[in-house]
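A quick write-up on the structure given underneath.
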Amino acid sequence: MKLKHSLIYEKFNLLSLDVVVGACSGMYFFADLMKVDLSWKVYLLLALAVWCIYTFDHLLDAKKVAGPALSQRHRFHQNHFKFLMLSLFVAIISGLILAFLFLPSIKMLGSGLALALIIMLTMTLLRIAGKKMAAIKEFSTAFFYVAGLVLIPILNLDHAFSSANWAFFLGAYFLLAWYNLVFLSYSDGEQDLAEGQASISTVIGMKDTRKLLWGLSFIGLAYLVVLFLILPSYFHIYTLIWGLMLLMHIISFLESPANDTMKTRKRLELSFSLPILLLLF
């Protein structure tokens, strides 16, 4: 039974569904922080959008690799390329239809479609540019990830009756997302180099990538302390949850390369689901 559950979660991870859960949890984090009540339909649309973007990215990577991929994720997308392409097409069409049906205003619909288009174009341009722009891939992905989480909550925010303290967590979440992507690039550095994949670790080198991770670790810990000191006690639960996610990343970095890369990746993707704890309060 344990082996069966392990295999099910492995497919869940390879399909980026844990990333989808983490993204929806992140949007709930900001919606709860801003005291914005969002319909389940909005979370469904975000789930479809995130899955489409990540699957599109993985399919581009898998297509680029000559021969069988070394990484399990790329190999999975190679082996199921046609099915995943068809699923991606169906998900995009379904998402567009549901967006037209569910989103209550042209402003939300237009903003969401514009962001999705910008993300797709940026991803494509970064692939075309190759190594010249590869070092900013993780930075831009983290930026768009956070933009996707906060877009609808901000559009529904009543600025006249809301504190602006939620804005402190924009930088916090961006730093966490960037840390996650840089660390995963660092962990997969040797495989990426062997497969000819361009990432920050293959461009600036493993040594400088490690220095960047050390820098992000110190900045993150310092920012965690600042949040606890300057924000009212009401916001400490949000700071604590974000801090736990950050600490899970820092601990994983300090343990590397001793840990199994795939196991570490699964743990870190699951860490983004911690905002679900807010449902208990």
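Tell me, please, whether a residue that is open to solvent by 70 Å² or more (accessible area, probe 1.4 Å), modelled with pLDDT under 90, under 24 Å from LYS137 (Cβ atoms) and touching a Phe, Trp or Tyr at 6+ places or on another chain (Cβ under 8 Å) can be found in the stretch 51-64. Yes, the stretch 51-64 contains a residue that is open to solvent by 70 Å² or more (accessible area, probe 1.4 Å), modelled with pLDDT under 90, under 24 Å from LYS137 (Cβ atoms) and touching a Phe, Trp or Tyr at 6+ places or on another chain (Cβ under 8 Å). Scanning the stretch 237-281 for residues that are of a type in the set (Phe, Trp, Tyr) and either open to solvent by less than 20 Å² (accessible area, probe 1.4 Å) or under 20 Å from the mean Cα position of the chain (by Cα) (or both) gives TYR238, TRP242, PHE253, PHE272.
Give the stretch 65-77 a look and list any residue that's modelled with pLDDT of 85 or more and either open to solvent by 50 Å² or more (accessible area, probe 1.4 Å) or at positive phi (or both), or say none. Full working, then the answer.
Keep residues of the stretch 65-77 that are modelled with pLDDT of 85 or more, which gives 75-77.
Of everything in the stretch 65-77, just one residue is modelled with pLDDT of 85 or more and either open to solvent by 50 Å² or more (accessible area, probe 1.4 Å) or at positive phi (or both), namely ARG75.
Considering the conditions (1) more than 20 Å from the chain's Cα centre (by Cα); (2) closer than 23 Å to MET27 by Cβ, PHE218 is excluded by exactly one of them, (2). Close contacts from the stretch 247-261, counting a first residue that is within 16 Å of LEU181 (Cα to Cα) and a second that is open to solvent by 20 Å² or more (accessible area, probe 1.4 Å) and at pLDDT below 85, with Cβ to Cβ under 6 Å and a gap of 6+ residues or different chains, come to THR261/SER187.
Checked against the criterion of being under 23 Å from SER16 (Cβ atoms) and either open to solvent by less than 60 Å² (accessible area, probe 1.4 Å) or touching a helix residue (DSSP H, G or I) at 6+ places or on another chain (Cβ under 9 Å) (or both), the stretch 217-236 contains not a single residue that satisfies it. Scan the stretch 258-281 for residues that are closer than 20 Å to VAL20 by Cβ and at pLDDT 80 or above and the total you get is 16.
For the stretch 20-47, filtering for residues that are part of a helix (DSSP H, G or I) and either open to solvent by 40 Å² or more (accessible area, probe 1.4 Å) or of a type in the set (S, T, N, Q) (or both) leaves 7. State whether one or more residues within the stretch 75-94 are of a type in the set (Lys, Arg), under 22 Å from the mean Cα position of the chain (by Cα) and assigned to a helix (DSSP H, G or I). Yes, there is a match, as at least one residue in the stretch 75-94 is of a type in the set (Lys, Arg), under 22 Å from the mean Cα position of the chain (by Cα) and assigned to a helix (DSSP H, G or I).
The values are calculated or read from the model by the stated rules, or taken from the named source; none is laboratory data. On a predicted model such as this, the values are computed, not experimentally measured, just so you know. Heads up, the Cβs are rebuilt from the backbone with ideal geometry, glycines too, and the neighbour counts pull from every protein chain shown. Side chains included, ligands, DNA and RNA excluded: accessible areas come from the protein's heavy atoms. Shrake-Rupley method; radii C 1.70, N 1.55, O 1.52, S 1.80 Å.
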